[in-house]
Amino acid sequence: MTELKNLDPAKLPRHVAIIMDGNGRWAKKRGMPRTFGHKAGVEALREIIKMSDELGIEALTVYAFSTENWKRSADEVGALMGLLLEYFTKELEELHRKNVRIRILGDIDGMPKGTERQQQALHKAIERTQNNTGLLLNIALNYGGQQEIVRAARILAEQTAQGSLKPEEITPERFASELYTHDEPEVDLIIRTSGELRLSNFLLWQCAYAEFYITDTLWPDFDREAYLTALQAFAGRNRRFGGV
Ligand code: IPE
Ligand code: IPE
Ligand code: MG
């Protein structure tokens, strides 16, 4: 069994991003509705947050709901929104107590009608934890990587049109400063569960030099052991960033 103590702290990622995928298949295997898988997925997330905090990882970004996930059935979207509200209502104080800072990546105010309570809960969670100094927990919600990049481009275009920004001042650093993750370290490790080999519009900019770790494990089964295995794999990678 992989042990926490065997992990070299110097080889830990500063920023881990996770595509928490496979809840539906996990439930299907058990002859249960997809929602059952999403509930189990929340449990898995709780443990991974706890462990990231214990390990002293700086930032953890989890993909909770994409801009494309609104395509799912009203039933499933409704259930996911219900879980979201429950999560933020139940967990907020515990996360706050752990000194976790919550940030939402995505368009909260652009969420559809009927999600007002969710929007309120998200704003409350951000405000409540904004001065915390522990783990930075980014929850990507109503999030799309392309949308995030276009949003940044528009902000810069407006400043250029107003004359406060020169086109030649638009550098990768300046551009990144308009992303949701503006002051955060680049993603070091991106984990995707359930074996799919794609990014699904997640952190397109931030993953420029991220190490990929893909596992067939379905998200509700992604436990401490699975996370440690991923971190061990990361510790063994040779990152070159274009050098030799
Ligand atoms: C990930 O699990 C959770 C969300 C996208 C909200 P899925 O619901 O995508 O599960 P699969 O991929 O259908 O098994
Ligand atoms: C990505 O998973 C989104 C989240 C995990 C929230 P999807 O299940 O939506 O991705 P695709 O449809 O398989 O690409
Ligand atoms: Mg999926």
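Kindly indicate whether any position in the stretch 186-194 is modelled with pLDDT of 95 or more and under 30 Å from residue 158 (Cβ atoms). For the stretch 186-194, residues modelled with pLDDT of 95 or more and under 30 Å from residue 158 (Cβ atoms): present. Look at residue 92 and say whether it is surrounded by 16 or more Cβ atoms within 10 Å (Cβ to Cβ) and more than 11 Å from ligand 1 (Cβ to nearest atom). Spelling it out, residue 92 is indeed surrounded by 16 or more Cβ atoms within 10 Å (Cβ to Cβ) and more than 11 Å from ligand 1 (Cβ to nearest atom). Only one of the numbered conditions (1) touching a residue at least 12 places away in the same chain (Cβ under 8 Å); (2) within 14 Å of ligand 2 (Cβ to nearest atom); (3) of a type in the set (Ser, Thr, Tyr) is violated by residue 35, and that is (2). The set of residues in the stretch 182-200 being farther than 25 Å from residue 238 by Cβ and either touching a strand residue (DSSP E or B) at 6+ places or on another chain (Cβ under 6 Å) or away from ligand 2 (no atom under 16 Å from the Cβ) (or both) consists of 182, 183.
Conditions tested, residue by residue: (1) over 23 Å from the mean Cα position of the chain (by Cα); (2) of a type outside the set (S, T, N, Q); (3) on the phi > 0 side of the Ramachandran plot; (4) in a loop (DSSP other than H, G, I, E, B).
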{"residue": "137", "(1), (2), (3), (4)": "no, yes, no, no"}
{"residue": "142", "(1), (2), (3), (4)": "no, no, yes, no"}
{"residue": "147", "(1), (2), (3), (4)": "no, no, no, no"}
{"residue": "151", "(1), (2), (3), (4)": "no, yes, no, no"}
{"residue": "158", "(1), (2), (3), (4)": "yes, yes, no, no"}
{"residue": "161", "(1), (2), (3), (4)": "yes, yes, no, no"}
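The rows are residues; the columns are (1) under 17 Å from the mean Cα position of the chain (by Cα); (2) farther than 21 Å from residue 226 by Cα; (3) not hydroxyl-bearing (Ser, Thr, Tyr).
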residue	(1), (2), (3)
35	no, yes, no
50	yes, no, yes
84	yes, yes, yes
102	yes, yes, yes
122	yes, yes, yes
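Here are some residues: 97, 174, 72. Which one is surrounded by fewer than 16 Cβ atoms within 10 Å (Cβ to Cβ), modelled with pLDDT of 95 or more and within 16 Å of ligand 1 (Cβ to nearest atom)?
After ruling out the rest, the residue left standing is 72.
A count restricted to the stretch 104-120 and to residues that are under 23 Å from residue 17 (Cβ atoms) and either in contact with a Ser or Thr (Cβ under 8 Å, 6 or more places away or on another chain) or in a loop (DSSP other than H, G, I, E, B) (or both) stands at 6.
Output the residue which, of all residues in the stretch 216-244 that are closer than 18 Å to residue 60 by Cα and in contact with a strand residue (DSSP E or B) (Cβ under 7 Å, 6 or more places away or on another chain), is surrounded by the fewest Cβ atoms within 10 Å (Cβ to Cβ). Before you say what the answer is, go through the steps one by one.
Of the residues in the stretch 216-244, the ones closer than 18 Å to residue 60 by Cα are 219-220, 222-235.
So of that shortlist, the ones also in contact with a strand residue (DSSP E or B) (Cβ under 7 Å, 6 or more places away or on another chain) come out as 230, 233-234.
Working: 230: 24, 233: 15, 234: 22.
The residue in question is 233.
Within the stretch 190-216, being more than 13 Å from ligand 1 (Cβ to nearest atom) and among the aromatic types (Phe, Trp, Tyr) holds for 205, 209, 212, 213.
Contact map, the stretch 9-30: first residue on the phi > 0 side of the Ramachandran plot, second residue at pLDDT 95 or above, Cβ cut-off under 7 Å, separation 6 or more or different chains; pairs are 22/193; 22/194; 22/218; 22/219.
Restricting the stretch 100-149 to residues that are aliphatic (A, V, I, L, M) and in contact with an Asp or Glu (Cβ under 8 Å, 6 or more places away or on another chain) leaves a set whose member that is surrounded by the most Cβ atoms within 10 Å (Cβ to Cβ) is 105. Taking the stretch 1-54 as the range and being in a loop (DSSP other than H, G, I, E, B), away from ligand 1 (no atom under 16 Å from the Cβ) and crowded, with 17+ Cβ neighbours inside 10 Å as the test, the residues that pass are 12, 13.
The residue that is nearest to the chain's Cα centre (by Cα), among those in the stretch 186-244 that are β-branched (Val, Ile, Thr) and assigned to a loop (DSSP other than H, G, I, E, B), is 187.
The values are calculated or read from the model by the stated rules, or taken from the named source; none is laboratory data. Because the structure is a prediction, the values reported are computed rather than measured. So basically every Cβ, Gly included, is an ideal-geometry build from the backbone, and we count neighbours across all protein chains shown.
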